[in-house]
1. Please go through the stretch 299-326 and give me each residue that is within 14 Å of ligand 2 (Cβ to nearest atom) and in a loop (DSSP other than H, G, I, E, B), ordered by number.
2. Do you know which residues across the stretch 537-556 are within 16 Å of ligand 1 (Cβ to nearest atom) and either assigned to a loop (DSSP other than H, G, I, E, B) or at pLDDT 95 or above (or both)?
3. If a residue must be out of contact with any strand residue (DSSP E or B) (no Cβ under 6 Å at 6 or more places or on another chain) and open to solvent by 30 Å² or more (accessible area, probe 1.4 Å), how many such residues does the stretch 154-170 contain?
4. Scan the stretch 447-465 and give yes if some residue there is open to solvent by less than 40 Å² (accessible area, probe 1.4 Å), within 13 Å of ligand 1 (Cβ to nearest atom) and either over 30 Å from F510 (Cα atoms) or at pLDDT below 80 (or both), otherwise no.
5. Residue under question is R521, and the condition is that it be under 25 Å from the mean Cα position of the chain (by Cα) and either within 16 Å of ligand 2 (Cβ to nearest atom) or part of a helix (DSSP H, G or I) (or both); does it hold?
6. With respect to the numbered conditions (1) aliphatic (A, V, I, L, M); (2) under 21 Å from C263 (Cβ atoms); (3) touching a helix residue (DSSP H, G or I) at 6+ places or on another chain (Cβ under 8 Å), which one is the sole condition not fulfilled by I381?
7. Considering only residues that are under 30 Å from the mean Cα position of the chain (by Cα) and within 16 Å of ligand 1 (Cβ to nearest atom), which ones fall in the stretch 308-329?
8. Inside the stretch 557-571, can you point out the residues that are crowded, with 22+ Cβ neighbours inside 10 Å and either within 16 Å of ligand 1 (Cβ to nearest atom) or of a type in the set (K, R) (or both)?
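The values are calculated or read from the model by the stated rules, or taken from the named source; none is laboratory data. Small disclaimer: the values here were computed from a predicted structure and weren't measured. Because the Cβ atoms are built from the backbone with ideal geometry, glycine has one as well, and the counts that use them run over all protein chains shown. Areas reflect the complete protein model, heavy atoms only, side chains present, ligands, DNA and RNA absent. Shrake-Rupley method; radii C 1.70, N 1.55, O 1.52, S 1.80 Å.
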Amino acid sequence: MDALRKIDIKYIKGIGPQRAELLEKELGLRSAYDLVHHFPNTYIDRSNFYKISDFHGEMPSVMIRGRFISFTIQGEGAKTRLVGLFTDGTSNIEVIWFQKIQQLKTAYRPMVDYVLFGKPQEFRGSWSMVHPEVDTIEHAATMQGLRGVYPMTEKLRNRGITSRIIYGWVQNVLNVAGRVFSDPLPPQVIEKHHLMPLTQAIHSIHNPANLQEMQAAQLRLKFEELFYIQVDMLRRTRKRKSVLVGLRFPKIGDWFNRFYRECLPFELTNAQKRVVKEIRADVNTGRQMNRLVQGDVGSGKTLVALLSMLIALDNGAQACLMAPTEILAQQHYETISKLVAPIGVNVKLLTGSTRKKARTQIHEQLMDGSLQILIGTHAVIEDNVEFKNLGFVVIDEQHRFGVEQRAKLWRKSEIPPHVLVMTATPIPRTLAMTVYGDLDVSVIDELPPGRKPVTTVMRYDEQREALYQFVYKQLELGRQIYIVYPLIEESEKTDLLSLQEGYEMICQTFPNHKVAFVHGRMKPAEKDFQMGLFARHEADLLVATTVIEVGVNVPNASVMIIENAERFGLSQLHQLRGRVGRGADQSFCVLMTKYKLAKETKERLHLMTQTTDGFVIAEADMKMRGPGDIEGTMQSGLPFELHIANLATDGQIIQMARDTAEQLLDLDPDLQLPQHQPLARAIAQTLVRTRDWSRIS
Ligand code: ADP
Ligand code: MG
């Protein structure tokens, strides 16, 4: 295997420098090793033909059989193409080539049956296939078993690279490399789980004779991939826990106790109590805490954060809470300073717009230790902000912070402060086990009593009239309304236009009410001003884009209208819906769509009307969209690459890999044993990732 990593793909027979460059750019393939690890993502049965008349929607690559009726050359210059009209008796498609036009024009004979393999594409009601593979019936009949379909891009297809060609290159490597790959997995692991040996798995994944063989090869390779991640992650977690010293907070003192007795506005939920207990135990171990608290919107994370910070105060340390936006920092500051006012904790707010004088005072008080809790935006991690004794850091809505920013905070104290990360994005278990595998996770899985679940409905444009009447009644009751428009790319002109139109329409429909207006292209100061109007109830309606998604708390708002709801992902809809239902009264979420929707879209939105459980929604979202896409969870995608495993569907294999990794590390915590050297090497070579990520995230 090691030798294959050193072979540049341009030296593989049939590739060459130009294609090598393209392959690297399009698929990230650099070495022979990468190429044999470029696995098919689907398989098709070679005996199964599609009918052209059955083509519809987004089509996978398919096989069809039939005859060419005619060939014509169309277009000019770079756009010159050969177009073959092909029929299978049920309907026709156009077969298009951009290359080797003269040669191909005479290569295929009319009235002879051919088998085509390619991806059908629809344009204005007619179907075409670009650069399909073409075989005679006789030749096609000699191939048996399943054939792999390799991940492909539009560009590669247009340059004439087909799945078959990639297959050929892979075979070239396999032939040259011989059939023996040394297997990095320890023999006892292979035996215990009856895994296919590596050599066979690599061969079978590219050439499976049947379904069973394909599945066994996939299992082996998925396991290997996930196992590396688990071993690596657990190993570093164990190390961190055993080596990294942390501040020890043994005391529960006056700050905590007095707050608990005198200021707590309500009984904590059992979930809140449990999580506070978990944090208390953590900070008393003498090791640095790295804990993720997941709690659905409205589950009361702020209070948990505050109680934890008071423990730090009781032990003579300072605490800091960081929020992703100015408005959120402001809200946290207001909530928290009000809560602790009776016991006189010194709390201050530091954001980009804090005035010089106040800022100087904050800097001084941080240095002399009299400032106990600092709340702010990333202004708090600027280099000139120094603490006397920072012991506890809370990061709210963690996904909005980059790894680097978190690392900065971490370095603000000699002994790293305890870190509590709070997120409202429910992270499915499998994802938590891999991405956050080395964090301790607490879950606030209970909402405060008396909350009424938000009633969610789907409505069409045609029903707007009735909707506005309903909104009017809510306004009469003194409630506030959100209206959200999609603006996926904040630069998209048409979106901005529809947002603007929406705003004007709302102003006209509700002339006696004040309407605030926010979108991502505004200057931050203007944005905060508009948000502030709504937060202070100086505006009754807020027309906005998803900039309001995170954390804003306006308990008086009772209706969330989401325009073009079909354009949002489930998790995002859930986040938006979480902006209402924060008070005791019944709240509503209205999903506005066009009348005609694709079936999957309808199902997706329907799910929103059926459940308010963030975890159910997150799981469904991940299944539908794939884990790399989960909004808000990780903006820059996963911290490692997965070639074959799928976090959404391979939960069982992840569990198996994790258990096996634990057992292995019990035996050999540092991978020192000689029989584990191939494994240690494979892990180091396979996992390209930022080291800092796991320490702080
Ligand atoms: P989130 O988890 O979304 O950050 P917050 O901390 O903003 O939630 O809490 C949401 C609302 O619930 C706040 O108005 C808060 O005062 C209230 N709340 C928090 N804990 C409780 C509780 N134990 N009982 C009643 N209300 C609570
Ligand atoms: Mg919050």
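1. Hits for the stretch 299-326 are S299, G300, A323, P324, T325.
2. Listed by number, the residues that qualify are H537, E549, V550, G551, V552, N553, V554, P555, N556.
3. Going through the stretch 154-170 one residue at a time, the tally reaches 6.
4. Scanning the stretch 447-465, I find at least one residue that is open to solvent by less than 40 Å² (accessible area, probe 1.4 Å), within 13 Å of ligand 1 (Cβ to nearest atom) and either over 30 Å from F510 (Cα atoms) or at pLDDT below 80 (or both), so the answer is yes.
5. When the stated conditions are applied, R521 does not pass them.
6. (2)
7. Answer for the stretch 308-329, where residues must be under 30 Å from the mean Cα position of the chain (by Cα) and within 16 Å of ligand 1 (Cβ to nearest atom): S308, M309, L321, M322, A323, P324, T325, I327, L328, A329.
8. A557, S558, M560, S571 - these are the residues of the stretch 557-571 that are crowded, with 22+ Cβ neighbours inside 10 Å and either within 16 Å of ligand 1 (Cβ to nearest atom) or of a type in the set (K, R) (or both).
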